[in-house]
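Only one structure is covered here, and it is reproduced in the block below.
The values are calculated or read from the model by the stated rules, or taken from the named source; none is laboratory data. Note that the structure is a prediction, hence the values are computed from the model and not measured. Don't worry about glycine lacking a Cβ; one is built from the backbone with ideal geometry, like all the others, and counts go over all protein chains shown.
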Amino acid sequence: MKHPRQSPLTCPVSLSRPVFRFFRVPAGLLALCLAGAALAQAPARPPVEQFTLANGLTVIVKPDHRAPTVAHMLWVRAGSMDEVDGTSGVAHVLEHMMFKGTAKVKPGEFSKRVAALGGRDNAFTSRDTTAYHQQIPASKLEDVMRLEADRFTNNQWADDEFKREIEVVKEERRLRTEDSPRALLYEQMTAMTFTASPYRRPVVGWMSDIEAMTPADAREFYRRWYVPANTAVVIAGDVDLAQVKRLAEKYYGGIPSRAVPVRKPRTEPVQAGVRRMDFKAPASQAYVSMAFKVPKLEPADLAAPGAGASRDALALTVLAAVLDGYTGARLDRALVQQSRVADSAGASNGLMGRGPQVFSLDGVPAAGKTTQQVADALREQVAKVAREGVSDAELNRVKTQWVASETYKLDSVFNQARELGSYWVQGLPLDASERIIAALRSITGAEVQAVAAKYFGDDQMTMATLLPQPLDPNRKPRLGNAPAGDLQR
């Protein structure tokens, strides 16, 4: 979200699911990678240092001297899953309010100061976390650390500022959720998929909760979760470790320590029967989406690789890539190009997260075809893997794409910082990427075949179908742009 806003619609919402997808690699590059050493050896990575200040705040530093730029991120391990019923959306609203000033910085001035330093800033809220980030010239790191530490510690705003901003959030929800049939379907499907898990609530919040939200709700969430021991500062780029330690102590070290509230388990019960939903909305095309409960990557499994839930989670990620990881993969080839039952078809797997994860299959029926035909065709492709397995060529291809995507990631200091912050939020080791790649390489075709047979029964499935209703010819589209990055599922 970019602040200050030029209009009430510049706060974007990403409707992407919490899934792992491979970057698509050009065929020529893929062939070279397969022929070379990309699969045999992980890309070399600069060393990463982590230390903890006396108040409990974690600092993670990754030097990269290829360009005189730095990414500075502040991660709070508090997202929509830390909300309670009746205040859904408060984590995101607070993210907005964090741009509303301190005693030293006027409302809306934070981003102007970052821009004056030659940098850019943004923030995002997800189910698992809220993060604030700046990318600036390396020489301006101290200025940004001073600004961010002040904001984290001394955020304050008048009730009138909250009242104005809540209208922005409401319009954001209208634009990004209520005006999108698929977004509404996904929101209600998620609420049906999860029973006990707080993942059932939308990150942006239910409209009734947003309308009823008070300044006290946002201030209480800030007081409760924005504490040093629940926070990490991640810095990647052209920096010196000793310099960062000195600046971290100077600007973040003096923040008073407070205890992190105890998080009670909210374990999702085992699903014991198919869940179905027909969703009616004005739309030009039908759509079907299926979610299957699956295991996720567990920190303990990465620390001691072997059998367990994480092996299945990785095998499911490989399965998703075999189905939909590259142009001409199985779903596109079988459903779109050959049988022409679908205009599009997709698969994705939720590899990691603080809460439970799902494997998703979805598709848009072609003209004259039904959503049930698409759903049957999607499941048949999974069943085919369960019966026949996957080829060595497919396994090599998707594994190579993963290694290639990790290599591309290193080109951006922002992506490096974001990866490290995400691992910290999940409780994963800082070298999780290398460990995941090593584990991925050992995933066999038999394991992929086994998970295809294990996790796709009716009892584990939630299915939602969009039933298109006539479009209103008199409806006027909402104005506003949709820049990337404020809300993430």
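For segment 144-158, a residue qualifies if it is surrounded by 15 or more Cβ atoms within 10 Å (Cβ to Cβ) and of a type in the set (A, V, I, L, M), and the qualifying residues are Val144, Met145, Leu147, Ala149.
Looking only at segment 170-193, decide whether some residue is in contact with a His (Cβ under 8 Å, 6 or more places away or on another chain), under 30 Å from His72 (Cβ atoms) and of a type outside the set (D, E, K, R). No, that holds for no residue. Applying the set (1) in a helix (DSSP H, G or I); (2) charged (D, E, K, R); (3) modelled with pLDDT under 95 to Arg266 leaves exactly one unmet item: (1). Of all residues in segment 180-198, those being polar (S, T, N, Q) and under 19 Å from Arg354 (Cβ atoms) number 4. Under the condition of being crowded, with 16+ Cβ neighbours inside 10 Å and farther than 18 Å from Thr327 by Cα, which residue from segment 383-406 is modelled with the lowest pLDDT? Ranking the qualifying residues of segment 383-406, first place goes to Glu406.
Residues in segment 271-314 that are free of Cβ contacts under 8 Å to residues at least 12 places away in the same chain and either crowded, with 19+ Cβ neighbours inside 10 Å or among the hydrophobic types (A, V, I, L, M, F, W, C) (or both) were compared, and the one that is farthest from Gly368 (Cα to Cα) is Ala304. Among the residues making up segment 431-453, a single one is over 21 Å from the mean Cα position of the chain (by Cα), of a type in the set (S, T, N, Q) and crowded, with 17+ Cβ neighbours inside 10 Å: Gln449.
Report those helices (runs of 4 or more DSSP H) wholly inside segment 407-489 carrying at least 1 residues which are hydrophobic (A, V, I, L, M, F, W, C) and modelled with pLDDT of 95 or more.
Working: elements: 413-426, 432-441, 445-454.
It comes to 413-426, 445-454.
Among the conditions (1) assigned by TED's automatic domain parsing to the domain that holds Thr129; (2) over 17 Å from Gln426 (Cα atoms), Val233 misses just one, which is (2).
Would you mention how many residues in segment 50-90 are part of a loop (DSSP other than H, G, I, E, B), farther than 13 Å from Arg127 by Cα and not polar (S, T, N, Q)?
Start the filter on segment 50-90 by keeping residues that are part of a loop (DSSP other than H, G, I, E, B), which leaves 53-57, 64-68, 77-79, 83-89.
When the remaining residues are screened for being farther than 13 Å from Arg127 by Cα, the result is 53-57, 64-68, 85-87.
Add one more test, that the residue is not polar (S, T, N, Q), and what stays is 53-54, 56-57, 64-68, 85-86.
The qualifying residues number 11.
For Leu420, are the conditions met, namely being buried (at least 21 other Cβ atoms within 10 Å of the Cβ), within 19 Å of Gln50 (Cβ to Cβ) and touching a residue at least 40 places away in the same chain (Cβ under 8 Å)? Taking the combined requirement at face value, the residue satisfies it.
In the condition set (1) farther than 17 Å from Thr58 by Cα; (2) surrounded by 13 or more Cβ atoms within 10 Å (Cβ to Cβ); (3) outside the structural domain of Thr69 (by TED's automatic domain parsing); (4) not charged (D, E, K, R), Val260 is compliant with all but (1).
So which helices (runs of 4 or more DSSP H) are wholly in segment 178-227 and hold at least 2 residues that are of a type in the set (Lys, Arg), farther than 17 Å from Gly86 by Cβ and in the same structural domain as Leu57 (by TED's automatic domain parsing)? It would help to see each step written out before you state the result.
Details: elements: 181-193, 207-212, 215-225.
Helices (runs of 4 or more DSSP H) meeting the threshold: none at all.
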